[in-house]
Amino acid sequence: MFRRAFCTVVLATVILTCAAAPAAAREARPSQAVHTGSATAVTFTPRLTMVRYARAVSVSGFLTSDGDPVAGATVTLRETRGGVTRDGGTAVTNGQGLYQTTVSPRFNASWHAEAAGVSSASVVIQVRPRVTLALSHTQSGARLTEIFSGAVA
């Protein structure tokens, strides 16, 4: 009985240590706009920079031109991983130039927004793996065998 409880505590500690991230790493910092020779700027800010596998994260930002908000513009979100850039969705700005949507990252990747010919600074969104674990045991006479099984996605 002691051995089973000890194994469970040790395994839970290992899983929590590996899966936990410092609070500072999970909180997003607003990105800075990148100007490319024009007075138009777009920002990209994810709510979290570390998410669990297959979970959506809210992202938002602003589109401005000469300091004034741009309403009704389409903002394209892009994911870059391994040198390959993929579309991650689109959003439309409101009257204050704000766009909001969600993305569902499946891998660690850099994300940025593009609109009106300009790009925001890239922000890395990390994805924690989903870990499942099950414990079962069999007893043959005085011998107790503990079996751990699980998966990482």
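The values are calculated or read from the model by the stated rules, or taken from the named source; none is laboratory data. Remember, it's a predicted structure, so these values are computed and weren't measured experimentally. Virtual Cβ from ideal backbone geometry, glycine too; neighbours counted across all protein chains shown. Keep in mind that these areas ignore ligands, DNA and RNA; they rest on the heavy atoms of the full protein, side chains included. Shrake-Rupley method; radii C 1.70, N 1.55, O 1.52, S 1.80 Å.
Side notes on the structure shown:
- For the stretch 41-75, a tally of residues being open to solvent by 70 Å² or more (accessible area, probe 1.4 Å) and outside any strand (DSSP E or B) returns 3.
- For the stretch 74-94, the set of residues classified as within 16 Å of Ser119 (Cα to Cα) and in contact with a Phe, Trp or Tyr (Cβ under 8 Å, 6 or more places away or on another chain) consists of Val75, Leu77, Arg78, Glu79, Thr80, Gly88, Ala91, Val92, Thr93, listed by residue number.
- Any hit, the stretch 10-29, residues being surrounded by 12 or more Cβ atoms within 10 Å (Cβ to Cβ), of a type in the set (A, V, I, L, M) and at pLDDT 95 or above: no
- Residue within the stretch 76-90 that is in a loop (DSSP other than H, G, I, E, B), in contact with a strand residue (DSSP E or B) (Cβ under 8 Å, 6 or more places away or on another chain) and at pLDDT below 95 present: no
- Only residues that are open to solvent by 30 Å² or more (accessible area, probe 1.4 Å) and in contact with a Gly (Cβ under 9 Å, 6 or more places away or on another chain) were counted across the stretch 77-106, and they come to 9.
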